[in-house]
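Everything on this sheet refers to the single structure shown next.
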Amino acid sequence: AEVTLAGRKFTIKKQFLDDLKEARMSRFIKKLDRALMIFHSPIDNTVGIDNASMIFNAAKHPKSFVSLDEASHLLSNDKDSKYVGKVLATWAEKYI
């Protein structure tokens, strides 16, 4: 997109907007004063591992990361969704 700032034209690329969004998310996550569990599948094409990694690295402890092998982003396989439910319930008991 082309924008005008102080009478000068600049081209802003999507990457710039993505970087701003990531920086805001990172600041929010760093301030999060809660336990955090992240689930991610290496075959997830909706949310990349870089995004999951950024969230995990920005978060304070306690935090956990669970790899979901071949699960879809929406956990459309019944076995995957039940697994996530069991793991999350067990993990959350400590913090509830």
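The values are calculated or read from the model by the stated rules, or taken from the named source; none is laboratory data. Since the structure is predicted, the reported quantities are computational estimates derived from the model, not experimental observations. Using ideal geometry, Cβ is built from the backbone for each residue, glycine included, and neighbour counts are taken over all protein chains shown.
Among what's in segment 12-50 and is in contact with a His (Cβ under 8 Å, 6 or more places away or on another chain) and surrounded by fewer than 15 Cβ atoms within 10 Å (Cβ to Cβ), pick the residue that is modelled with the highest pLDDT.
I49
Restricting to strands (runs of 3 or more DSSP E) lying wholly in the chain: which have 3 or more residues that are of a type in the set (A, V, I, L, M)?
Where strands (runs of 3 or more DSSP E) fall fully within the chain and carry at least 3 residues being of a type in the set (A, V, I, L, M), they are 36-40.
Could you grab me the full set of residues in segment 57-96 that are over 21 Å from F28 (Cα atoms) and polar (S, T, N, Q)?
Answer for segment 57-96, where residues must be over 21 Å from F28 (Cα atoms) and polar (S, T, N, Q): S67, S72, S76, N77, S81, T90.
Restricting to segment 51-96, name every residue that is among the acidic types (D, E) and exposed (fewer than 15 other Cβ atoms within 10 Å of the Cβ). If you could, list the steps in order and put the result at the bottom.
Start the filter on segment 51-96 by keeping residues that are among the acidic types (D, E), which leaves 69-70, 78, 80, 93.
Answer for segment 51-96, where residues must be among the acidic types (D, E) and exposed (fewer than 15 other Cβ atoms within 10 Å of the Cβ): D69, E70, D78, E93.
Go through segment 72-96 and count every residue that is within 16 Å of the chain's Cα centre (by Cα) and among the small types (G, A, S).
Result for segment 72-96: 1.
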